[in-house]
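What follows is a short report on a single structure.
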Amino acid sequence: MIPGAFTYHRPKSIDEAAALLTSLGEEARPLAGGHSLIPMMKLRMATPEHLVDLAGIPELKGVCQNGGDIIIGAMTTQAELIASELLAAQVPILRETSLVIADPQIRYCGTLGGNVANGDPGNDMPAVMMTLDARYTIVGEKGRRVIPSREFYQGAYYTALEPGEFLVSVTIPALPDGHGFAYEKMKRKVGDYATAAAAVVLTKKDGVIATCALALTNVGDTALFAEEAAQILIGSRLDAASLARAAAAAEAIAAPATDGRGTAAYRTSIAGVMVARAVRRAFERA
Amino acid sequence: MSKIQKMHVTMTVNGETVEGLVEPRTLLIHFIREHLLLTGAHIGCDTGHCGACTLDIDGKSVKSCTMFAVQAEGSSIVTIEGLAAPDGTLHALQEGFRMMHGLQCGYCTPGMILRAHRLLIENPNPTEAEIRFGISGNLCRCTGYQNIVRAIQYAAAKLNGTQFQEAAE
Amino acid sequence: MNDLTPTKEQREARLEGMGCKRKRVEDIRFTQGKGNYVDDIKLPGMLFGDFVRSTYAHARIKRIDTSKAKALPGVRAVLTADDLKPLNLHYMPTLAGDVAAVLADEKVLFQNQEVAFVVADDRYIAADAIELVEVEYEELEPLTNPFKAMDADAPLLREDIKGKMEGAHGPRKHYNHIFNWQVGDREAADDIFASAPVKTKDTYWYHRTHPSPLETCQSLASYDKVTGHLTIYGTFQAPHVVRTVVSMLSGIPESKVHVIAPDIGGGFGNKVGVYPGYVCSIVASIVLGKPVKWVEDRMENLSTTSFARDYHMTTELASTQDGKILGMRCYVLADHGAFDACADPTKWPAGFMNICTGSYGIPVAHLEVDGVYTNKASGGVAYRCSFRVTEAVYAIERAVEVLAQKLGMDSADLRLKNFIRREQFPYKSALGWEYDSGDYHLAMNKAMEAVGYRQLRAEQAEKRAAFQRGETREVMGIGVSFFTEIVGAGPSKNCDILGVGMFDSCEIRIHPTGSAIARMGTKSQGQGHETTYAQIVATELGIPADQIQVEEGNTDTAPYGLGTYGSRSTPVAGAAIAMASRKIRAKMQMIAAHLLEVHHNDLDWDIDGYQVKGLPEKRIGVKEIAWAAYHQPIPNLEPGLEAVNYYDPPNMTYPFGAYFCVMDIDVDTGAAKVRRFYALDDCGTRINPMIIEGQVHGGLTEAFAVAMGQEIRYDAAGNVMGASFMDFFVPTAVETPHWETDFTVTPSPHHPIGAKGVGESPHVGGVPCFSNAVNDALSFCGSVHIDMPHDAWRIWEAAEKLGLHKAA
């Protein structure tokens, strides 16, 4: 498996990258960790004429706190997310999720930006970003703009990014102290995409769920924000009936394809099971 | 295809500076194997799943079939050929894999050992579960992993200067 | 003697002979990245070949335009079937007596079939050039369901043999039919079934999978136009057979064909056959006069070179009310894909499927197999098993479970009741085999004791009650399997490959200073032959193993042999080593007698030398004998010390074992977790326990993969699904269970050292054990049989059909 030929660019700043991607237009692709793009190129399912490698841009890396917000550079790797003490303390769901993405080698290279921005419905971070209500800072010809994660995904490999635009950073608003969280992922083996997965972030007050955000991975053309399921849970003490209703509401929005992971009916049912298990675990943690 | 200019790359491999002229699309594994003739790392799956091509690059375990040589510009790489001491003394992992029968056909072994090398640097005393998780990016079709786990435990003990206790069956 | 004279034990230990856990000599190079695999070899001026492959499963080729590819700088040649036809190489013979297309001739018969071969200066240019070859197809109706292959209106697949109604194994019933094979006494079996009080009948599908060694298939051919010599490096489990076939096809004398199998990165049956890539690299090298390398990628490997299994086995047992098995009938529909390219001994169209009466004294049996063509890749190779043995063992071990369930009897007890008893060996089975030796009751009882079988059943009963009370969503399965393998093919009276008898060989040469080289007709792919073969020589000849070099895979130096597959290396080549050693020892005895000035009948062999009977101090060591053999004239003996043996075994060997698996299944997700796996193997005499344990671990892991999800699927249009390591289930260290190993020793009575072979047993016994665990877990809910692969979604679907999700 050999990729087609391309011209390689390695800009040193965000502005330089933006100018390159704008001028090269649709023939160019930004290169982050490369672990989604390069296999596609080797299969010749992607044949960009130009690759703009973002690895030489220091501003795209790192995790910091600004007021209550956590800001993560797009080129921050999953291994760095796992190692970050700030994230462990403030947004622990990112560590839990990163650990079930791909395998150790790929986590050294795979980036948060690549995971959230390439639009693959199999990627794990988009659902997590939706539950966190994260915002994406994007740069392009027209300068910078911010898009909420819940409005970013439009279809398989189809996002709000315009040609020439790329993701600079992800901003996660402050989470309440003592929130509960979980990412439950059913997969066939290490390295696989989810058969179905569920992300949940919730808070409890006096034993009752006060806030809840839920999203699903790989059971539709995009990650799915499960608003109704979350609403059902808010105000409950996590009794069996409301949990079952929430799982059913999640299943109702799931529309997975039949593939090697199972039939559509199976994967839909697993989406419900993952929701129930994620919520239970998050509830215990809150 | 030939209209695209080749690029000059320089990197440090096993402590020596090497350079070459490559097409941008040249995969790092091909640069290492075919330009530098370091054939220890192998290609097993072509899609980033098997880890036979694993190299240690700037302190990370990397699947070199999913990386272009130009991306490795300026980096420092260790391959299996660079793991033994300059006097030829085998690394504890190389010894452990032999002592514990941690390999059979040998095809995954260079990648497996290099991955274990980084794992033990990051976690000198891993549990069995941590070892299994830590090498889960490397496929082996021969051993069933059980003796690879023991090999890594053997090496960890040797590197830590402690006694290796074989787990009772 | 003095204090420094080594004791008997010290001398024996120094040899590192049979029975010791000798560390592997191979590992010294492999752990340092100094293995030498085909793709590591770089010859001056070497070119690379790559294939244009079919998009469709079944289509007529209207036109192939290679002009744009040929115009690409760096492209040296583009071969199509039309280029091979004048050489009569567009088809090649298969091991099963059929022919297979090298490059598609007028039609393509499966997706990814080889259509054109591009040769270029490097693999990047070759990859670009295959994109430039234009092929125009006319789609034809695909045939993917083997049950419809022989329908009156089924599409005709093999136009090349349309009118040839006499196949390699007898008459063909239909244009998509390959063979019908029957063994046993049909009438007697029918009589038993007409009157038996208890009968079971189920169809078990052993799905299509693939051996997928980590190194794919590859070759490098180098033809020297000046000398006429052809050198071929390749991933060959049977290098001599490749030499013979190449010579026959090319017309180059066998003496000028040199086949080298360097280190091989796993084989598991994938590297026995001859593939279009090998042939095309050879043809291209002959045409261009330059070395040409061909390296498969993983998708090509999984979707084209030799699948395994795809047997639909309708299996019936008849028994008494108290569980005495009276008879067996088995009908198999075998999906062979587009060509019959099974790697079985030529006279055995369904391999050794007739070992399907298993470990039981079944008095009457009948087996019938029909092979059919479909629009899928060809193969049917023995993936870590001896020629369809894993299929046979799966059929009987599922059937025994189903019978136990019907009788309301414990399945281990049913096995104990029906085992062939120790005193019945050698045992002649109803389907024609003579089992050499066994003590099945001893093995089974030891295994049941070790796992605490009765307690496990008690625990299972409690868990089932808890499940029914709604207290848990987990069900527990106990998998039992007891297998008898048939390996070591084989006696050339009934086993040959294209007319070449399946003997194997060893040539041993003792050097004047006492070290030695052994050259073999087999070829290790990870089994550690360099280590274990030396151990046999060490024990037989008293030379320390570390002074014995073992060489394989070089047809210019090794004696002719049939290679390594079907667990035949130890049973056949291992015997050849012992027999060659014994020839040398006989000569050493004559030399020792001369040196010690006694009659040779007055000498005893003693570990590493000869001693005079009754005078242990009067002895002479192998080293001195070797020196004398070369440098001291001995009356009536020619100088030198070497021997060759071609060993044609008198019978197969029959390793066996008892396996137990404890599994917990989450009925809501279908996820299965192996809590415990215990494997007791009896492979006769044990040469290196460390390597045996490693082989068992590896075989069990492959069995786990196959049973629990490893599959090559096709959709209705004949598109191959999931042919990459994303989808094709190769477990990582995280999914792989922990293995417990154990053994008994029942030597083979006809083998010179009593060894039976072990590499494939864990796979053969493991697959039914996992499957039985899954089936056992759900049997209390009324389930009788669930087909493999048991991936989570299929287990969930079975639970769904049983109504187990309603309460959730």
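The values are calculated or read from the model by the stated rules, or taken from the named source; none is laboratory data. These figures come from a predicted structure and were not determined experimentally. With ideal geometry, Cβ positions are generated from the backbone for all residues, glycine too; neighbour counts draw on all protein chains shown. For accessibility, only protein heavy atoms count, side chains too; no ligands or nucleic acids. Shrake-Rupley method; radii C 1.70, N 1.55, O 1.52, S 1.80 Å.
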For segment C:556-706, place one equal point scatterer on every Cα, skip the solvent, and apply the Debye formula. What is log10 of I(q)/I(0) at q = 0.09, 0.21 Å⁻¹? -0.52, -1.24
Aspartates and glutamates with Cα under 17 Å of residue A:142, excluding same-chain neighbours fewer than 8 positions away: A:15, A:16, A:26, A:162, A:165
Summing -39500 (n - 2.57) over every DSSP H run of at least 4 in chain C, dividing by its residue total and rounding to the nearest 500, the 222 nm mean residue ellipticity is -8500 deg cm²/dmol
Just the number: Rg to Rh for the protein assembly as shown, Cα atoms, Kirkwood Rh, two decimals. 0.97
State, as an integer percentage, the relative contact order of chain B based on alpha-carbon contacts under 8 Å between residues 6 or more apart. 22
Taking the Cα-to-Cβ direction at residue C:784 and at residue C:554 and moving 7 Å from each Cα, how far apart do the two end points lie in nm? 6.0
Residue-averaged [θ]222 nm for chain B, counting only DSSP H segments that reach four residues, each worth -39500 (n - 2.57): -8000 deg cm²/dmol
How compact is chain C by the rule of thumb for globular proteins, expressed as Cα Rg over 2.2 N^0.38 Å? 0.99
Inter-part gap, Cα centre of segment B:123-169 to Cα centre of segment C:676-749, in whole angstrom, is 20
Separation of alpha-carbon centers, segment C:751-800 and segment C:551-581, rounded to whole Å: 33
Just tell me, in residue order, which DSSP H segments of chain C are both 20 angstrom or longer along the helix axis (alpha-carbon based) and at least -0.5 in mean Kyte-Doolittle hydropathy. C:389-407, C:575-596, C:689-708, C:761-779
Find me the longest stretch of chain C that has none of the exposed GluC sites (Glu not before Pro), where exposed means in a DSSP loop (not H, G, I, E or B) with at most 13 other Cβ atoms within 10 Å. C:107-470
Solvent-accessible area per residue, Å², over chain A with all protein chains present [probe radius 1.4 Å]: 37
Protein accessible area in chain C, 1.4 Å probe - carbon and sulfur %: 52
Counting only C-alpha contacts under 8 Å and six or more residues apart, can you give the relative contact order of segment B:92-159 as a whole percent? 58
Rounded to the nearest 0.05, FRET efficiency between residue C:152 and residue A:26 (Cβ-Cβ, R0 60 Å) equals 0.65
Multiply the residue gap between residue C:449 and residue C:634 by 0.36 nm, knock off their C-alpha separation, and tell me the result in nm, one decimal place. 60.7 nm
For residue A:13 and residue A:85, what is the calculated FRET efficiency with R₀ set at 25 Å and r taken between the beta-carbons, to the nearest 0.05? 0.30
Work through the residues other than residue A:155 whose Cβ is under 12 Å from its Cβ and net out their charges, Lys, Arg +1 and Asp, Glu -1. -2
On a full-extension model of 0.36 nm per residue, what is the gain between residue C:70 and residue C:606, subtracting their alpha-carbon distance, rounded to one decimal in nm? 186.0 nm
Find out how many positive minus negative residues lie around residue C:252, taking Lys and Arg as positive, Asp and Glu as negative, among other residues whose Cβ is under 13 Å from that of residue C:252. +1
Tell me which of C:660, C:375, A:248 sits at the most positive position along the dipole axis of the protein assembly as shown, charges placed on C-beta atoms (Lys, Arg +1; Asp, Glu -1). C:660
Compute the distance in nm between two label points, each set 7 Å from the Cα along the Cα-to-Cβ direction, one at residue C:494 and one at residue B:128. 4.3
Counting partner chain Cβ atoms within 10 Å of every residue's Cβ in B:57-64, what's the average? 4
Directionally averaged projected area (convex hull, Cα atoms, segment B:7-82), nm²: 4.2
Would you list which lysines come within 23 Å of residue C:623, measuring only between C-alpha atoms, while excluding same-chain residues fewer than 8 positions from it? C:8, C:583, C:587, C:613
Enter the mean number of other protein chain beta carbons within 10 Å of the beta carbon of each residue in B:84-93, as an integer. 1
For chain B, with all protein chains present and a 1.4 Å probe, just round the carbon and sulfur fraction of the accessible area to a whole percent. 52
Out-of-range pairs (alpha-carbon distance over 24 Å; input A:185/B:60; A:61/B:63; C:201/C:801; A:187/C:201): A:185/B:60; A:187/C:201
Whole-Hz Karplus couplings 3J(HN,Hα) for segment B:71-88, θ = phi - 60° and coefficients 6.51, -1.76, 1.60, Gly and Pro as x, run 6, 8, 3, x, 8, 10, 10, 10, 10, 4, 5, x, 8, 5, 5, x, 7, x
Rounded to the nearest 20 debye, dipole of chain C from Cβ charges on Lys, Arg, Asp, Glu: 700
R0 = 30 Å: FRET efficiency of residue B:3 with residue A:146, Cβ-based, nearest 0.05? 0.15
Under a straight-distance cross-link criterion of Cα-Cα below 24 Å, which lysines are reachable from residue C:173, leaving out those fewer than 8 residues away in the same chain? C:107, C:148, C:162, C:164, C:347, C:376
For segment A:181-285, report the % of Cα-Cα distances exceeding 22 Å. 24
Can you compute 3J(HN,Hα) from phi for each residue in segment C:360-375, using the Karplus curve 6.51 cos²θ - 1.76 cosθ + 1.60 with θ = phi - 60°, rounded to whole Hz and x for Gly and Pro? 10, x, 8, x, 10, 7, 9, 10, 9, 10, 10, x, 10, 8, 9, 8
Theoretical gain in end-to-end length, residue A:248 to residue A:231 [0.36 nm per residue, Cα-Cα removed]: 4.9 nm
In a shell of Cβ-Cβ distance under 11 Å around residue C:318, excluding residue C:318 itself, what net charge do Lys and Arg (+1) and Asp and Glu (-1) give? +1
Please report the accessible area of residue C:607 (heavy atoms, 1.4 Å probe, ligands and nucleic acids excluded) in Å², nearest 10. 30
With Kirkwood's inverse mean 1/r over C-alpha pairs for Rh, give me the Rg to Rh ratio of chain B, two decimals please. 1.01
With only Lys, Arg, Asp and Glu charged, each at its Cβ (+1 for the first two, -1 for the last two), find how big the charge dipole of segment C:284-411 is about the Cα centre; round to the nearest 20 debye. 320
Rg to Rh quotient for chain A, alpha carbon positions, Kirkwood Rh: 0.98
Find the relative contact order for chain C and round it to a whole percent, using C-alpha pairs within less than 8 Å whose residues are 6+ positions apart. 15
